1. Exactly which trypsin sites (Lys or Arg not before Pro) in segment 148-219 are in a DSSP loop and have at most 11 other Cβ atoms within 10 Å?
2. Which links in LYS231/LYS344; LYS28/LYS413; LYS241/LYS405; LYS90/LYS208; LYS246/LYS413; LYS335/LYS392 stretch past 30 Å when you go from one Cα to the other?
3. Could you please report the charge total around HIS281, scoring K, R as +1 and D, E as -1 over all other residues with beta-carbon less than 14 angstrom from its beta-carbon?
4. Under a point spin-label approximation (7 Å from Cα along Cα-to-Cβ), what is the ALA275-TYR366 distance to one decimal in nm?
5. Sum up the charges of everything whose Cβ sits under 15 Å from the Cβ of ILE156, counting Lys and Arg as +1 and Asp and Glu as -1, but leave ILE156 out.
6. According to the square roots a ≥ b ≥ c of the eigenvalues of the Cα gyration tensor, what is the shape class of segment 76-147, taking rounded for a/c under 1.5, prolate for a/b larger than b/c otherwise, and oblate for the remainder?
7. If you roll a 1.4 angstrom probe over the protein chains with everything in place, what fraction of the accessible area of segment 330-371 belongs to carbon and sulfur, to the nearest %?
8. Would you work out the Kirkwood radius for segment 215-313? I mean one over the mean of 1/r across all pairs of different Cα atoms, in Å.
Amino acid sequence: MKISTDTRIAIIGLGYVGLPLAVEFGKKYPTIGYDINQHRVGQLRDGIDSTLEIDVHELKEARCLTYSTNPEDLRQATVYIVTVPTPIDKYKQPDLIPLQRASEMLGKIIKKGDIAVYESTVYPGATEEYCVPVIESVSGLKFNEDFFVGYSPERINPGDKEHRLTTITKITSGSTPEAADFIDALYGSIILAGTHRAPSIRVAEAAKVIENTQRDLNIALMNELAIIFKKLGIDTEDVLKAAGTKWNFLPFRPGLVGGHCIGVDPFYLTHKAEAVGYHPHVILAGRRINDNMGSYAVGLLVKQMLKRCIQIEGANVLVMGLTFKENCPDIRNTKVVDIIDELKSYNVNVDVHDPWISAESAQHEYQIALTPMPEPGKYDAIILAVAHREFKEIGVDGLRRLGKKEHVLFDLKYVLPKSDSDIRL
């Protein structure tokens, strides 16, 4: 197996992970970017990336990249890279339906000698135990004789213009030593930061899932500390700044834990752990803490409003920000929704303002009608839920003008100096 002029790449899924891959490979190899979303593909053909990860100039640089919504167009490829979502269901169990459908489609088009590489986050063993049998069943081909697979976990950080696909070390793996060599060389040809070849697919899968599990647990610790310090009457940020003067203290901060990875990936690991007979106490405890932070934050706000003699039922509250993180339009698994739902349980009128997302996407994903321009002097409480640069630029005076004469300003993200807000985590 060697990279040659016959190497043709298909990227299956053109979201936050797939598009950057398609663009980089499309600069060097004949590449087909496939997605079932016709609107998404139409926008990309017009040079528009709604995720804001790739600009128009970068799209133009990928001269060997074409786009398609027709699976038949993928037959000409020799390497298939799967970047479909791997969410969880309402019971917090892995939802492998997108992965299954992608594997079924691969089974219909894969040929002898082809390689399928998965980038979607999964539990250790999923690629070979779940995906491969689907491809074998549909294609009639035999694994590691007729076709080969690999796993190279995505490490995309939405909205981050410093740590991008080519500047992040890429983990690679393959189902045979020859396949692993080929996959490592293929990624190595576009990744400036270099690659790390894992000894097996299962190791690569496990490495990915623990990256986000570790971060989830560290934030859970900060959230629990914030709860404790609040009861002790100590400012959490002051404590963390003091502790941060030690060289090996990790700079995590409390807050909401949402997004497509950190709030989801640990459940893939715990699912597999329980399947082999082990109940993961620490990981699930961290998840419980983080999943309850929305309701905890609202509880703090309600108490502060009551102290100010502000009527809760019928109050007007402005939530500033809906995305799961600052300065990006990604609303996948945003935990700001937990705050909104909890506020509504108190019969509060909630307005949501976020300049980074379209009204259509908020309505489609969460049935939330965005407020394009908050009305000055309307609100009994204002929650800075996301640290968008636009909100920082408004400043405390601009934020205060949105509130009534008596109101509460809750700085959930430590955007303002301590003295400028009424309440923080």
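1. Counting only loop positions with at most 11 other Cβ atoms within 10 Å, the trypsin sites (Lys or Arg not before Pro) in segment 148-219 are LYS161.
2. Correct reply: LYS28/LYS413; LYS241/LYS405.
3. Values: positive: ARG287, ARG288; negative: GLU274.
With Lys, Arg at +1 and Asp, Glu at -1, the net is +1.
4. Placing both labels 7 Å along Cα→Cβ, they lie 3.1 nm apart.
5. For residues surrounding ILE156, the net value is -3.
6. Values: a/c = 2.18, a/b = 1.96, b/c = 1.11.
Prolate.
7. Here carbon and sulfur together make up 45 percent of the probe-accessible area.
8. On the way: mean 1/r = 0.0650 Å⁻¹.
This gives a value of 15.4 Å.
The values are calculated or read from the model by the stated rules, or taken from the named source; none is laboratory data. Because the structure is predicted, anything quoted here is derived from the model rather than measured. Please note: Cβ atoms are built from the backbone with ideal geometry, for glycine as well, and neighbour counts cover all protein chains shown. Remember, those area values only see protein heavy atoms, side chains included, never the ligands or the DNA or RNA. Shrake-Rupley method; radii C 1.70, N 1.55, O 1.52, S 1.80 Å.
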